[in-house]
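Chemist: Mind looking over this structure? Questions follow.
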Amino acid sequence: MLALIAHLYGLYTPGEPGASEWFPNSDKVLHFFGFAAPTLLTMLVVRHWWPALVFAAHAVISELVQAWLLPGRDGDIWDVAADLSGVLAAVAIAWWLQRRASSTADSNPT
């Protein structure tokens, strides 16, 4: 739940004038992890793949909202790319964890 709250807060708070980045393109790193963490955690909780679709759609929608509705924010296609990369990483990790758990269960004769 905390990951989802941080995710939404980061995407929908109005921008601050004069805000600076920690390092060049640090916002892309935040976008990546801001989508990877809640996508992965949600997929692990619900044990299904559909949260990845929800977060992928949200990547596009959130940038449109930032561009059109939030003061001090702008939409960026590269932010969408970072968001979708985070979703893809979450899917890959969830798939790996599922295969690992499946192979462990298969090799455990209980």
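The values are calculated or read from the model by the stated rules, or taken from the named source; none is laboratory data. Here the structure is a predicted model, which means the values were calculated and not measured. Heads up, the Cβs are rebuilt from the backbone with ideal geometry, glycines too, and the neighbour counts pull from every protein chain shown.
Chemist: Go through the range 55-88 and give me each residue that's charged (D, E, K, R) and part of a loop (DSSP other than H, G, I, E, B).
Modeler: Initial filter on the range 55-88 (charged (D, E, K, R)): 63, 73-74, 76, 79, 83.
Within the range 55-88, R73, D74, D76 qualify.
Chemist: Going through the range 2-21 one residue at a time, which ones are surrounded by fewer than 12 Cβ atoms within 10 Å (Cβ to Cβ), modelled with pLDDT of 75 or more and of a type in the set (A, V, I, L, M, F, W, C)?
Modeler: Selection gives L2, I5.
Chemist: Also, I was wondering about something else. Considering only the range 12-33, I want to know if a residue exists there that is on the phi > 0 side of the Ramachandran plot and of a type outside the set (F, W, Y). Don't jump to the end; show me each part of the working.
Modeler: Taking the range 12-33 as the starting set, the residues that turn out to be on the phi > 0 side of the Ramachandran plot are 18, 25.
Still in the running and of a type outside the set (F, W, Y): 18, 25.
Scanning the range 12-33, I find at least one residue that is on the phi > 0 side of the Ramachandran plot and of a type outside the set (F, W, Y), so the answer is yes.
Chemist: To continue, here is another question. Restricted to the range 39-51, and to residues that are assigned to a helix (DSSP H, G or I) and either acidic (D, E) or in contact (Cβ under 8 Å) with a residue 40 or more places away in the chain (or both), which residue is surrounded by the most Cβ atoms within 10 Å (Cβ to Cβ)?
Modeler: So, considering only residues that are assigned to a helix (DSSP H, G or I) and either acidic (D, E) or in contact (Cβ under 8 Å) with a residue 40 or more places away in the chain (or both), the one surrounded by the most Cβ atoms within 10 Å (Cβ to Cβ) is T39.
Chemist: A follow-up question, please. Answer yes if at least one residue in the range 28-43 is over 11 Å from the mean Cα position of the chain (by Cα), at pLDDT 95 or above and closer than 15 Å to A94 by Cα, and no otherwise.
Modeler: Yes, there is a match, as at least one residue in the range 28-43 is over 11 Å from the mean Cα position of the chain (by Cα), at pLDDT 95 or above and closer than 15 Å to A94 by Cα.
Chemist: Continuing with the same structure: Which of the residues spanning the range 25-77 are of a type in the set (D, E) and either in contact with a Ser or Thr (Cβ under 9 Å, 6 or more places away or on another chain) or closer than 16 Å to A6 by Cβ (or both)?
Modeler: Just the residues of the range 25-77 that are of a type in the set (D, E), to begin with: 27, 63, 74, 76.
Hit for the range 25-77 is D27, nothing else.
Chemist: Under the condition of being in contact (Cβ under 8 Å) with a residue 12 or more places away in the chain and under 16 Å from T39 (Cα atoms), which residue from the range 59-78 is surrounded by the most Cβ atoms within 10 Å (Cβ to Cβ)?
Modeler: S62
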